[in-house]
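Trainee: My structure is below; once you've seen it, I'll send some questions.
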Amino acid sequence: MTEAAGLIVAAIIAGAVAFFSLIISKEQSVSECRQKWIDELRIDIAIVIGLVYRIHGESITKSHDDQKVLWVRLKRYFTRFNRVIARIRLRLNPKEDRKEEKQATRDVLNALDELESIFVSAEPQYDKLPPLTKKLVTDAQTILKENWDRVREGEPNYRRTKWGMFILAVAGAVYGVYRVICH
């Protein structure tokens, strides 16, 4: 191999390594953001569940109070409840198309709607809370697991790049052995 050809091959390899490093770096950043998203969704689901039972508990133990006094007592919890539900909705894609998450996402969004409707009702049906919160947690776990699997396995571009680098390394090794044996 001439010196010029060797330089060209070295430049191509260096360019490929730089390109793959750029993709890996970008995908690492996406995975870190996805992990943060997972953690924040988990926290917000837990907050909603806690607020549901706080509001429910306050409502039934203070039922002898008039509605104005009860509202003053619960207003901050309702405000936080609505704010956290809005954050969850903003995190979830209502048109999710990934098979594993599609139904769970819809079910979580529907559960949030049902929780809101229970508390805005003049006569809340508190008996619906336990199965509804259980379903909310179960469906959220499905979403969290699917996204955790994506973090663990790496984003699709990362996985393709990883295999591309492996193939490039094997091809380079085979070519190197061929050059040594044949020359």
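The values are calculated or read from the model by the stated rules, or taken from the named source; none is laboratory data. Source: prediction; values computed, not measured. In this analysis, Cβ positions are derived from the backbone assuming ideal geometry, glycine residues included, and neighbour counts consider all displayed protein chains.
Trainee: List pairs: first in segment 29-41 and farther than 18 Å from ALA140 by Cα and touching a residue at least 12 places away in the same chain (Cβ under 8 Å), second part of a helix (DSSP H, G or I) and polar (S, T, N, Q), Cβ under 9 Å, 6+ apart or cross-chain?
Mentor: The qualifying pairs are VAL30/ASN157.
Trainee: Then there is this: In segment 35-59, how many are exposed (fewer than 15 other Cβ atoms within 10 Å of the Cβ) and either outside any helix (DSSP H, G or I) or modelled with pLDDT under 90 (or both)?
Mentor: Result for segment 35-59: 1.
Trainee: When the residues of segment 80-99 are narrowed to those that are under 19 Å from LEU129 (Cα atoms) and surrounded by 15 or more Cβ atoms within 10 Å (Cβ to Cβ), which ends up nearest to the chain's Cα centre (by Cα)?
Mentor: Looking at residues that are under 19 Å from LEU129 (Cα atoms) and surrounded by 15 or more Cβ atoms within 10 Å (Cβ to Cβ), I get ILE88.
Trainee: Sticking with this structure for a sec: When you look at LEU168, is it touching a helix residue (DSSP H, G or I) at 6+ places or on another chain (Cβ under 7 Å), modelled with pLDDT of 90 or more and either surrounded by 14 or more Cβ atoms within 10 Å (Cβ to Cβ) or more than 20 Å from CYS33 (Cα to Cα) (or both), yes or no?
Mentor: Criteria not met by LEU168.
Trainee: Hey, any hits in segment 94-112 for a residue that's farther than 23 Å from ASP149 by Cβ and of a type outside the set (S, T, N, Q)?
Mentor: Checking segment 94-112: at least one residue is farther than 23 Å from ASP149 by Cβ and of a type outside the set (S, T, N, Q).
Trainee: Can you tell me which residue within segment 10-34, out of those that are surrounded by fewer than 12 Cβ atoms within 10 Å (Cβ to Cβ) and among the hydroxyl-bearing types (Ser, Thr, Tyr), is farthest from ALA111 (Cα to Cα)?
Mentor: If we take residues in segment 10-34 being surrounded by fewer than 12 Cβ atoms within 10 Å (Cβ to Cβ) and among the hydroxyl-bearing types (Ser, Thr, Tyr), then SER25 is farthest from ALA111 (Cα to Cα).
Trainee: Still on this structure: Looking at segment 62-79, I want the residues that are surrounded by 11 or more Cβ atoms within 10 Å (Cβ to Cβ) and have a partner that is modelled with pLDDT under 75 with Cβ atoms under 6 Å, at least 6 apart or on another chain. Which pairs are those?
Mentor: LEU70/LYS62
Trainee: The conditions are (1) touching a Ser or Thr at 6+ places or on another chain (Cβ under 8 Å); (2) more than 30 Å from TYR126 (Cβ to Cβ), and VAL52 fails exactly one of them. Which is it?
Mentor: For VAL52, the exception is condition (2).
Trainee: Continuing with this model, one more query. Somewhere in segment 120-128, is a residue in contact (Cβ under 8 Å) with a residue 24 or more places away in the chain, in a helix (DSSP H, G or I) and either out of contact with any helix residue (DSSP H, G or I) (no Cβ under 6 Å at 6 or more places or on another chain) or within 30 Å of ASP149 (Cα to Cα) (or both)?
Mentor: There is no residue in segment 120-128 that is in contact (Cβ under 8 Å) with a residue 24 or more places away in the chain, in a helix (DSSP H, G or I) and either out of contact with any helix residue (DSSP H, G or I) (no Cβ under 6 Å at 6 or more places or on another chain) or within 30 Å of ASP149 (Cα to Cα) (or both).
Trainee: For segment 100-121, give me each residue that is surrounded by fewer than 15 Cβ atoms within 10 Å (Cβ to Cβ) and among the hydrophobic types (A, V, I, L, M, F, W, C).
Mentor: VAL120
Trainee: Next question. Looking only at segment 71-110, which residues are touching a helix residue (DSSP H, G or I) at 6+ places or on another chain (Cβ under 9 Å) and among the hydrophobic types (A, V, I, L, M, F, W, C)?
Mentor: Passing the criteria: TRP71, LEU74, PHE78, PHE81, VAL84, ILE85, ILE88, LEU92, ALA104, VAL108, LEU109.
Trainee: Condition check: at negative phi, modelled with pLDDT of 90 or more and of a type outside the set (A, V, I, L, M, F, W, C). Does ARG91 satisfy that?
Mentor: It is true that ARG91 is at negative phi, modelled with pLDDT of 90 or more and of a type outside the set (A, V, I, L, M, F, W, C).
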